Amino acid sequence: MQQGLPYSPADPELTQFRFASRRLCQELNAVDPADTDKQDMVITKLFARRGKGVVIEAPFTCTYGMNLNLGNNVAFGPNCTVIDSGHIEIGNNVLIGPAVGLYTTTQGLLPLEQQNGDNEISLPIIIGNNVVIGGNSVIKAGVSIGEGAVIDAGSVVEGDVEHLPLSRGIRRP
């Protein structure tokens, strides 16, 4: 899965990891917003690595959590969904708006791929420092977003976004 090779999401070990992540997401979403100590504890359990100043507004969902590395001062707005079957690296000072989706998974579409069960492929998502991702945006598998990029609300990002000074990012209907 982490090597970008086809795999079956029905694998029993992967299923157990997903259940553990779901439980932690449910716990995080149920924490009183004023109880920052409890939030920090759950966030530390959920993610592979996380920096200081991480804020996650409920509700939040991720598939595994263990494939997410967060830098310092990362904020997720409410209703974010992270399909982290592949590695996700998020730099420092990153603002992710409400209802953003980060999707590292693609499905095989050919009948033989479906029949064999190894029908998912995961590709990493890399987000640089000082990035803003507007609400209701989708970042697709294999995308890198360069330092200082601004992704407009409602964007679907299918290819790499380089750091462009004074750019407003991209907008795709």
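The values are calculated or read from the model by the stated rules, or taken from the named source; none is laboratory data. What you see is a predicted model; the values in this text were computed from it and never measured. Quick reminder, even Gly has a Cβ in these numbers, built from the backbone with ideal geometry, and neighbours come from all protein chains shown.
Which condition number in (1) over 10 Å from the mean Cα position of the chain (by Cα); (2) hydroxyl-bearing (Ser, Thr, Tyr); (3) closer than 24 Å to GLN26 by Cβ; (4) buried (at least 23 other Cβ atoms within 10 Å of the Cβ) is the one that THR104 fails? With (1) over 10 Å from the mean Cα position of the chain (by Cα); (2) hydroxyl-bearing (Ser, Thr, Tyr); (3) closer than 24 Å to GLN26 by Cβ; (4) buried (at least 23 other Cβ atoms within 10 Å of the Cβ) applied to THR104, the lone miss is (1).
Per-residue answers, yes or no, for (1) touching a helix residue (DSSP H, G or I) at 6+ places or on another chain (Cβ under 8 Å); (2) not β-branched (Val, Ile, Thr):
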| residue | (1), (2) |
| --- | --- |
| MET1 | yes, yes |
| PHE17 | no, yes |
| ALA20 | no, yes |
| VAL31 | yes, no |
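Among the residues of the stretch 126-136, not a single one is buried (at least 16 other Cβ atoms within 10 Å of the Cβ), of a type in the set (Gly, Ala, Ser), within 19 Å of SER85 (Cβ to Cβ) and at pLDDT 75 or above.
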